[in-house]
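The values are calculated or read from the model by the stated rules, or taken from the named source; none is laboratory data. Nothing here was measured: the structure is a model prediction, and the numbers come from that model. We place every Cβ from the backbone using ideal geometry, glycine too, and count neighbours over all the protein chains shown. The protein model used for the area step is the full one, side chains on, heavy atoms only, and it has no ligands, DNA or RNA in it. Shrake-Rupley method; radii C 1.70, N 1.55, O 1.52, S 1.80 Å.
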Amino acid sequence: MAVFMKAARTIGDLDDEFYHDERQRDVWNEASAVGFQLAQWAALGGGALLPWVAGRIGAQIAIGVLAVWFVTSMAVIMYARACDVDIYASVKTWRPRVVMACLVYLAGIVGIYAQLSTPLDQDPATWAGRIVGGLVGGGAAAAVIAWYRRRERRRREEEDARDQADL
């Protein structure tokens with residue numbers, strides 16, 4: 001078992017006898033999902049409000065809050081993937097809930113930037129640096145997206161091949 005999976009099972013106390021009863025396990029899993037979502041929305045809301053309410057110090061705290069939010073979300077997704085569950089298989093993108101989460105997250109990012117950025121100057125070197133940085137960042141994002149799509153396509157092809165072999 002991978003180190004990540006061992007750590008996740010230990011953190012979640014998944015080997016406890018509590019999980020042997022199916023109904024108890026289902027109710028606990030639902031309650032945990034509600035708690036997780038509440039914590040996620042609270043972190044998003046706090047990360048969005050802190051820069052606007054508490055100024056520069058709030059923006060610095062919001063960076064940490066949003067970083068913890070992101071790492072926690074990625075840990076959940078990684079655990080599901082490690083258990084061969086694709087959480088995006090049945091997701092309809094851009095549902096109102098997803099749009100709202102994106103808007104709240106962006107409000108936090110804009111607030112952080114507004115509080116921590118220095119005033120924009122008109123120096124051509126600064127603008128050139130921003131343009132180059134944007135192009136490099138955009139290129140890196142495009143490369144990651146292309147890699148992810150290839151990986152997902154390969155995974156689906158392997159699943160289809162296994163399904164055909166099982167027939």
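Here the simple spin-label model places points 7 Å from the Cα toward Cβ, and for S73 and Q40 these points are separated by 0.8 nm. Mind listing P(r) for the range 33-93? All alpha-carbon pairs, 5 Å bins, whole percents. Per 5 Å bin, starting at zero, the Cα-Cα P(r) for the range 33-93 comes out as 4, 18, 19, 20, 16, 11, 7, 4, 1 percent. Protein heavy-atom accessible surface, 1.4 Å probe, per residue over the range 1-64: 71 Å². For A31 and A54, the difference between the fully extended length at 0.36 nm per residue and the C-alpha to C-alpha distance is 5.0 nm. Ordered from highest to lowest accessible area with the whole protein assembly present and a 1.4 Å probe, V68, V98 read as V68, V98. Based on DSSP H segments of at least four residues, each scored -39500 (n - 2.57), the chain has a per-residue ellipticity at 222 nm of -29500 deg cm²/dmol. Both numbers refer to the Cα atoms of the chain; Rg and Dmax are 20.9, 66 Å.
May I ask for the angle, rounded to the nearest 10°, between helix 96-116 and the longest principal axis of the chain, with both axes built from Cα atoms and the value confined to 0 to 90°? Compared with the principal axis, the helix lies near 40 degrees. Taking 0.36 nm per residue of separation and subtracting the current Cα-Cα distance, fully stretching the chain between D21 and R81 would add 19.1 nm. Helix 22-82 and the long axis of the chain differ in direction by around 10°, with both axes built from C-alpha atoms. Relative to the longest principal axis of the Cα atoms of the chain, helix 3-12 runs at roughly 80 degrees.
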